[in-house]
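Peer 1: Pasting in a structure now, in structure tokens, and then I'll have a few things to ask.
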Amino acid sequence: MTGKLDAAFGFHETALRLRSERQGVLASNIANADTPNYKARDFDFARALQQATGSADPAAAAATPAPALARTAPAHIATGAAGTLVAGNAPLLYRTGTQGGVDGNSVDMEVERNAFTDNAVRYEASVTLINTQIKNMLTAIQG
């Protein structure tokens, strides 16, 4: 029974985890809007979701391998296959700004606010969808 529930909700769990991680990245960009030489970061949500669910094209994944980090001392923290990966093993990329700042900061507050709001709305929509599915299952069980 738990296998069927995992199959039913596994995709949504992965999507929510990635949305949450993206929200943190976008919040970091907003928080560092006035930090000199800060470069805005983001990741391709669709690619991360495909890689996390195993539906990514293996040929495309092999064409763009993630950069690996070497541990040169035993005290270094292990990073796994790559150092700047999000939950879906998609690389955390630098966002190219439309207009560069004098201080080298690439955060565009309008872009960041729009991305933050869009991500939050999609997160809430996913939670609402999951709640609806659970209510439907309870209705089917209880009769």
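Read the figures in this text as sums done on the coordinates, not as results from a lab. What you see is a predicted model, and the numbers here were worked out from it, not measured in a lab. All Cβ positions, even for glycine, are placed from backbone atoms using ideal geometry, and neighbour counts span all protein chains on display.
Peer 1: Compute the length gained on full extension between LYS39 and LEU5: take 0.36 nm times their separation in residues and subtract their Cα-Cα distance, giving the result in nm to one decimal.
Peer 2: Working: separation 34, 0.36 × 34 = 12.24 nm, distance 4.06 nm.
Taking LYS39 through LEU5 to full extension adds about 8.2 nm, to one decimal.
Peer 1: Hey, another quick one. Using a Förster radius of 35 Å, what is the FRET efficiency between ARG17 and GLN99 based on their Cβ-Cβ separation? Nearest 0.05, please. Each step should come with its number before you reach the end.
Peer 2: Working: r = 33 Å, r/R0 = 0.94.
Computed FRET efficiency for ARG17 and GLN99: 0.60.
Peer 1: Here's another thing I want to ask about it. Report the calculated FRET efficiency for GLN142 and VAL121 (r = Cβ-Cβ distance, R0 = 35 Å), to the nearest 0.05.
Peer 2: Numbers: r = 31 Å, r/R0 = 0.90.
So the FRET efficiency works out to roughly 0.65.
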